[in-house]
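Beneath this line is the structure, given in structure tokens, with notes to follow.
The values are calculated or read from the model by the stated rules, or taken from the named source; none is laboratory data. In this text the structure is predicted, and so the values were computed from the model without any measurement. Neighbour counts are summed over all protein chains in view; Cβ atoms, including those assigned to glycine, are modelled from backbone coordinates with ideal geometry.
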Amino acid sequence: MSSLIGKIKELVVEGFAETKNNREYLHQYPELSFKEFETSKYVHQLLVHYGIPEEDIEVKCDTGIIAHIKGLDPDRKTIALRADLDALPITEANDVPYKSKHEGIMHACGHDAHTACLLGAAKVLNKLKNEFHGTIKLVFQPGEERIPGGASLLLKEGVFKNAPNAIFGQHVYPELPAGKIGIKPGMYMASADEIYITVNGRGGHGALPNKNIDPVLISAHIITSLQQIVSRAANPKVPTVLSIGKVIANGATNIIPDSVTMEGTFRTMNEDWRYQSHELIKRTVKGLAESMGGSAEVDIHVGYPFLENDVELTLKSKEWAIEYLGPDNVVDLDIRMTAEDFAFYTHHMPACFYRLGTQGKAENTKASVHNPHFDIDPESLKVGTGMLSWLAIKSLEE
Ligand code: NI
């Protein structure tokens with residue numbers, strides 16, 4: 001074991017109680033996307049407390065915090081580490097001492113853990129700043145959970161005008177035991193776009209179908225036909241998912257409504273196909289509605305692009321992770337069709353987004369993210385803090 005790993009592990013253990021406390025504090029006071037004002041202040045004040053000079057900390061996009069830890073020869077190279085700050089509109093169902101105190105809001109996606117780990121890493125890295133060459137850019141990003149995504153806003157704001165040599169991000173992963181991480185070079189996560197459809201017909205009595213134009217039946221045809229985009233139009237080699245998750249007809253047993261609204265998601269891993277499919281969705285919906293005497297409007301909100309980990313950086317990171325955690329604790333992952341706004345960074349600079357195992361013995365640590373029972377094994381915070389610190393220094397010294 002290199003002496004640097006030893007030093008990092010020692011500092012991580014030394015700071016563990018504080019990291020755990022930070023996570024529990026953030027968990028109690030969750031804030032929704034782009035409204036992370038108190039979270040942002042909390043992070044800012046802790047960074048100052050850890051000894052990062054005020055002039056090296058900036059507030060960006062209202063609630064984002066960007067800080068720089070300057071090592072020896074700070075202009076040599078820059079490595080960015082990113083955490084997200086926002087919580088979800090979910091009412092927490094856990095009965096824990098650190099239960100959310102904000103009614104209807106919960107850190108159910110582990111962003112409290114991401115932020116606590118990056119705070120922990122900031123403290124470790126600031127103490128080790130005479131042991132690395134270059135600058136570490138800490139990115140506490142707002143609004144991961146909501147389109148257009150805080151990552152895209154920070155990029156627009158020019159936070160990455162001088163693109164870092166690499167950026168790392170981690171995400172809690174209840175499917176993996178605490179102590180392990182999961183990693184996947186290359187294509188990893190999907191693009192995600194929101195589909196909003198309104199089908200207009202002519203409502204009336206359910207017993208007099210010949211007098212009406214039934215938007216419910218039109219919608220049924222639309223839902224079925226949209227699946228042909230996935231099964232017939234998509235290249236079978238390109239992962240594609242189209243799901244309609246909300247259908248509101250709001251008639252009654254004997255009432256055909258005037259209109260039906262539907263909402264869904266479209267996900268894939270190819271940008272050309274992504275935009276072609278939007279046209280196909282519109283054509284299918286409008287064509288079907290018109291052929292059945294109705295009409296339809298389709299609105300597609302473009303969300304996050306696909307997330308592609310830089311192959312070289314990610315393969316190296318996997319080796320570094322093995323050095324730090326041992327070979328049994330670094331797991332290969334498969335692609336997944338969830339989305340993440342870290343994807344924006346991956347289109348602008350070499351990036352590596354990996355998963356932090358958070359499952360422990362407690363039942364709640366097995367609940368999936370975005371579930372009101374979600375919780376983490378606090379032991380995972382040690383790995384999360386240590387990995388960020390180690391990967392940052394390792395890639396600077398590369
Ligand atoms: Ni998340």
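Among the residues of region 40-59, how many are among the charged types (D, E, K, R) and either crowded, with 19+ Cβ neighbours inside 10 Å or closer than 21 Å to Gly110 by Cα (or both)?
To start, the set of residues in region 40-59 that are among the charged types (D, E, K, R) comprises 41, 54-56, 58.
Still in the list and also either crowded, with 19+ Cβ neighbours inside 10 Å or closer than 21 Å to Gly110 by Cα (or both): 41.
Selection size over region 40-59: 1.
Of the residues making up region 136-149, those that are surrounded by 23 or more Cβ atoms within 10 Å (Cβ to Cβ) and over 22 Å from Asn22 (Cα atoms) number 1. Among the residues of region 177-223, those identified as within 30 Å of Ile300 (Cα to Cα) and of a type in the set (D, E, K, R) are Lys184, Asp193, Glu194, Arg202, Asp214.
Of all residues in region 197-212, those satisfying the criterion of being buried (at least 19 other Cβ atoms within 10 Å of the Cβ) and hydrophobic (A, V, I, L, M, F, W, C) are Ile197, Val199. Figure legend. Inter-residue proximity from region 79-105: first residues over 20 Å from Thr63 (Cα atoms), second residues β-branched (Val, Ile, Thr), beta-carbon distance below 6 Å, spacing 6+ or different chains. Indicated pairs: Ile79/Ile136; Gly104/Thr91. Counting only residues that are over 14 Å from Val311 (Cβ atoms) and in contact with a strand residue (DSSP E or B) (Cβ under 7 Å, 6 or more places away or on another chain), region 350-361 holds 5 of them. Identify, from the list Asn130, Asn162, the residue that is more than 14 Å from the ligand (Cβ to nearest atom), over 17 Å from His44 (Cα atoms) and at pLDDT below 95. Just a single option satisfies the conditions, and that option is Asn162.
Quick grid of which residues meet (1) crowded, with 21+ Cβ neighbours inside 10 Å; (2) not in a loop (DSSP other than H, G, I, E, B):
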| residue | (1), (2) |
| --- | --- |
| His27 | yes, yes |
| Pro30 | yes, no |
| Glu38 | no, yes |
| Ile65 | yes, yes |
| Ala93 | no, no |
| Lys101 | no, no |
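Taking the conditions exactly as written (in the same structural domain as Thr63 (by TED's automatic domain parsing), in contact (Cβ under 8 Å) with a residue 24 or more places away in the chain, part of a strand (DSSP E or B) and surrounded by fewer than 19 Cβ atoms within 10 Å (Cβ to Cβ)), does Glu131 satisfy them or not?
no
Take the conditions buried (at least 24 other Cβ atoms within 10 Å of the Cβ), more than 16 Å from the chain's Cα centre (by Cα) and not assigned by TED's automatic domain parsing to the domain that holds Ile300 and apply them to Ile167. Does it pass? The answer is no for Ile167.
Could you tell me whether any residue of region 247-256 is crowded, with 17+ Cβ neighbours inside 10 Å, of a type in the set (Val, Ile, Thr) and either closer than 18 Å to Ala339 by Cα or touching a helix residue (DSSP H, G or I) at 6+ places or on another chain (Cβ under 8 Å) (or both)? Yes, that holds for at least one residue. Only one of these is in a strand (DSSP E or B), on the phi < 0 side of the Ramachandran plot and of a type outside the set (Val, Ile, Thr): Lys286, Lys246. Name it. Only one candidate passes the filter, namely Lys246.
Pick from Gly110, Gly104, Gly71: which is within 15 Å of His370 (Cα to Cα) and away from the ligand (no atom under 16 Å from the Cβ)? Selected residue: Gly104, the only one of Gly110, Gly104, Gly71 that is within 15 Å of His370 (Cα to Cα) and away from the ligand (no atom under 16 Å from the Cβ).
Going by the structure shown, is Asn210 among the polar types (S, T, N, Q) and free of Cβ contacts under 8 Å to residues at least 12 places away in the same chain? Judged against the criteria, Asn210 is a match. Taking strands (runs of 3 or more DSSP E) as the structural unit, those lying wholly within region 292-389 and holding at least 2 residues that are aromatic (Phe, Trp, Tyr) correspond to 351-359.
Taken together, Glu340, Glu323 contain a single residue that is surrounded by fewer than 20 Cβ atoms within 10 Å (Cβ to Cβ) and charged (D, E, K, R), which is Glu323.
Could we say that Glu145 is away from the ligand (no atom under 14 Å from the Cβ) and acidic (Asp, Glu) here? No; evaluated as a whole, the condition is false for this residue.
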